[in-house]
Amino acid sequence: MPLLVSLVYQKATFFKVAFFLTCISVMSGCNSHLPPSYAFITNQLDDSVSIIDIASQRVIKTIDIGYGKRPAGVAVSKTGHQVFIANPEGLGVAIIDAKTLEVTHHIPVGSGPVGIVSNDSGSRVYIADWYLHTVSILETSSANIISTINVGKSPAGMIVDDKKQRLYIANRDDNNVMIIDTSTHQILQTIDVGTAPFGLALSPSGQHLYSINVRSSNVSVIDTKQNKVIKTIDVGEWPYCAVVSPDGQTLYVTNQDDSTISVVNTQTYTVEATIDVGDAPEGIDITENGQFIYVANWGDGTVSIIDANLNQVISTLETGKGTRAFGQFISQKQ
Amino acid sequence: MKKFLQLIVAALIVLPMLASAHGPSRQQVKETITINASPEKVWAVIKDFGGLQNWHPAVTSSELKSDTTRVLTLASEGNPTITEELMKSDDEKMLLVYKITDMSVVKTITFNSKDTPYFTLPVATYKSWITVKAVDGGSEVQWKSKFYRSFMDNPPVPEGQSDKDAVNSIKGVITAGLENLKVIMEK
């Protein structure tokens, strides 16, 4: 093949592949005009949210949430177009439109909203109040708080399982995990875990719930059929949050005081690897394909991106002061 | 008008509740100093867990109870003690991590009709990291600590036991140690 022809051919192929790849990376966008996948990272001390484009692994925008609001918690929904930011000092929740990347609402709620989670469709958002020991339920269609439930002391991390109609809550100062029926808002059960549970993670099947216990430096594995702790796994110092891989095989735990991630095999309940990240890692989430793990580093205001095949940080992005991203923060995972 | 009423109602509900806040929040102090000496030399001094009295001016003696436990005696009145446990000593990263496991009670006062102990330092759940890095001109030593104030109840807080008091006292400990370390290493 003559050189020129070959070059043209290669270029054409490149464009075809590039187009195809773009289409895959924003598959939802090609099919149903959903926005692309982003990571929404709260920077608590900067009163901002950094938005990272998952396809290019770059910060594409930083949104100002408002002076003194101190955004900490974040929640995305599986199929909705809204992102919810809990502002403990702004005493409310900010809603970001995931298409326009603008703040559309500020909803006052409670006196210390930190933990926040959405159901799959984004129709209901649950907001845990650190000081009032309650969980408030936001109806997103009307932007109204429709109910407030009394829970345990200093509720922190939460997870919704739509299939089981359950909300799981980590009550940090009660050392337990609470199960709420999302249709009746009744407390179904309370399960004792390690000391100071903060983050929660759920396996994709919904069968295993992981409670990350800050002060006992371990993870309680709860079987959600028996509603009891079936295993306790020691991890690093002062662990905070965790996420489960899409295949359910691996649990990634942030260890604030070691500045590491514990990579836990969920079948053997053993730590298989420890990955160095930035200073004081807090929030953690994983991309839909399970290839990249995003870690928010509070201490140095960055996000570490880990390649799951290499178990290594491949990129570190500057975000803002007090980068926290407590909650599920990667959007459009379907 | 409805919005305004909602705000008033929310404020009325929220304000009294703020008083029932949960315990104190975690504090951090981080100080660094540049020392005109090689990182290897500085690290050798820092990693000697039983030898803090050799470079910290406030420490008169350090007794090793085991390879990972030391009891420090301080120069201040009444010779208060601090018991510390070595958690990590990493030669490759030149990183030392330790925590306070016990402290002597300097005095006890009655506050809000409860016995309130004053410890050697007004802190709890104290953890420290010391790292040595090579920089132009020798070494950079970073000493970072995370802790809570020792008074765990909600405000009002007795004198000398606030978050600010805890931060200032640890800042004093760290700064005095780093400055003297520099003097000794540059002799």
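Please state the shape class of the stretch A:34-328: rounded when a/c is under 1.5, otherwise prolate if a/b exceeds b/c and oblate if not, all from the C-alpha gyration tensor.
Values: a/c = 1.44, a/b = 1.03, b/c = 1.41.
The shape class here is rounded.
The relative contact order of the stretch B:26-185 comes to 29 percent, based on Cα pairs under 8 Å that sit 6 or more residues apart. Relative contact order (percent) for chain A, with alpha-carbon contacts under 8 angstrom and 6 or more residues of separation? Result for chain A is 13 percent. Helix A:3-25 versus the longest principal axis of chain A: what is the Cα-based angle in degrees, 0 to 90, to the nearest 10? The angle comes out at about 20 degrees. Computed extension gain for A:HIS185 through A:SER315, at 0.36 nm per residue and net of the alpha carbon distance, reaches 42.6 nm. Rank A:THR250, A:SER50, A:ILE116 by how far each Cα sits towards the positive end of the charge dipole of the stretch A:34-328 (+1 on Lys, Arg Cβ; -1 on Asp, Glu Cβ) and give me just the farthest. So the residue we want is A:ILE116. Distances between placed amide hydrogens fall under 5 Å for A:TYR240 paired with A:THR254, A:GLN256, all partners being 5 or more residues away or on another chain.
Output the pairs from B:LYS114/B:LYS164; A:LYS153/A:LYS231; B:LYS107/B:LYS127; A:LYS78/A:LYS225 with a Cα-Cα distance over 30 Å in this structure; if there are none, say none.
Numbers: B:LYS114/B:LYS164 22 Å; A:LYS153/A:LYS231 24 Å; B:LYS107/B:LYS127 23 Å; A:LYS78/A:LYS225 24 Å.
Checking Cα-Cα distances, every pair stays at or under 30 Å.
Basic side chains Lys and Arg get +1 at the Cβ, acidic Asp and Glu get -1 at the Cβ, and with that the dipole of chain A about its Cα centre reaches some 780 debye. Positive-end ranking of A:ILE284, A:TRP298, A:ILE187 along the dipole of chain A, with charges on Cβ about the Cα centre, is headed by A:ILE187.
Loop-located chymotrypsin sites (Phe, Trp or Tyr not before Pro) in the stretch A:263-334 (DSSP state not H, G, I, E or B) with no more than 15 neighbouring Cβ atoms inside 10 Å: A:TYR269.
Which ordering of A:VAL114, B:VAL59 is given by a fewest-first count of other beta-carbon atoms within 10 Å?
Details: A:VAL114 26, B:VAL59 20.
The most exposed by this proxy come first: B:VAL59, A:VAL114.
Pick from B:ILE174, B:ILE109, B:ILE33: which residue has the top mean-square fluctuation in a GNM of chain B where Cα pairs under 10 Å get a spring? Per the Cα network of chain B with a 10 Å cutoff, B:ILE109 tops the list.
Taken one residue at a time, the phi angles of the stretch B:112-118 give Karplus couplings (6.51, -1.76, 1.60, θ = phi - 60°) of 6, 6, 10, 5, 10, x, 9 Hz. Gly and Pro are set to x.
When the helix-only estimate is applied to chain A (DSSP H runs of n ≥ 4, each -39,500 (n - 2.57), divided by the residue count), what is the mean residue ellipticity at 222 nm, nearest 500 deg cm²/dmol? Can you show the working numbers first?
Working: 2 runs with 29 residues, N = 334.
So the calculated ellipticity at 222 nm is -3000 deg cm²/dmol.
If you take the Cα centroid of the stretch B:82-129 and the Cα centroid of the stretch A:172-238, the two points sit 29 Å apart.
So what's the convex hull volume per residue for the Cα atoms of the stretch B:73-136, in Å³? Write down the numbers at each step before the final one.
Values: hull volume 7.9 nm³, N = 64.
Convex hull volume per residue, Cα atoms: 124 Å³.
Using a simple charge model, +1 on the beta-carbon of Lys and Arg, -1 on the beta-carbon of Asp and Glu, nothing else, what dipole does the stretch B:26-185 show about its Cα centre, in debye to the nearest 20?
On the way: 19 positive and 20 negative charges, 62 e Å.
With Lys and Arg at +1 and Asp and Glu at -1, about 300 debye.
With a Cα-only, solvent-free Debye model of the stretch B:26-185, what are the log10 I(q)/I(0) values at q = 0.12, 0.18 Å⁻¹? So the normalised log intensities are -0.53, -1.11. At an R0 of 35 angstrom, the distance between the Cβ atoms of B:GLU186 and B:SER66 translates into a FRET efficiency of 0.60. Remark: the Cα gyration tensor places the stretch A:233-305 in the oblate category, a/c being 1.5 or greater and a/b not exceeding b/c. For the stretch A:226-241, putting each phi into the Karplus relation 6.51 cos²θ - 1.76 cosθ + 1.60 with θ = phi - 60° gives couplings of 7, 6, 8, 6, 9, 6, 10, 10, 6, 10, x, 6, 6, x, 10, 9 Hz, in residue order, rounded to whole numbers and with x for Gly and Pro.
When a/c is below 1.5 the answer is rounded, else prolate if a/b is larger than b/c, else oblate, so apply that to the stretch A:143-206 with a ≥ b ≥ c taken from the square roots of the Cα gyration tensor eigenvalues. In terms of gyration-tensor shape, oblate. Between the helical axis of B:2-18 and the dominant principal axis of chain B, each derived from Cα atoms, what acute angle in degrees is found, rounded to the nearest 10? For helix B:2-18, the angle is close to 50 degrees. Simple rule: put +1 on each Lys or Arg Cβ and -1 on each Asp or Glu Cβ in the stretch B:26-185, find the dipole, and look at B:LEU72, B:VAL59, B:MET94; the Cα lying farthest toward the positive end is B:MET94. Taking chain B as the reference, fit the longest principal axis to its C-alpha atoms, fit the long axis of helix B:163-185 to the helix C-alpha atoms, and give the angle between the two in degrees, 0 to 90, nearest 10. The helix B:163-185 is inclined about 10 degrees to chain B.
Taking 1.002 mPa s as the viscosity and 20 °C as the temperature, the Stokes-Einstein diffusion coefficient of the protein assembly as shown based on its alpha-carbon Kirkwood radius rounds to 86 µm²/s.
The orientation-averaged shadow of the Cα convex hull for the stretch A:177-334, equal to a quarter of the hull surface, comes to 9.2 nm².
In order along the stretch A:260-276, phi translates into HN-Hα couplings of 9, 10, 8, 9, 9, 7, 7, 7, 9, 6, 10, 7, 9, 7, 10, 10, 6 Hz, rounded to whole numbers, per the Karplus curve 6.51 cos²θ - 1.76 cosθ + 1.60 with θ = phi - 60° and x for Gly and Pro.
None of the figures in this text is laboratory data; all of them are computed from the coordinates on show. Given the structure is predicted, the values throughout are model-derived calculations rather than measurements. With ideal geometry, Cβ positions are generated from the backbone for all residues, glycine too; neighbour counts draw on all protein chains shown.
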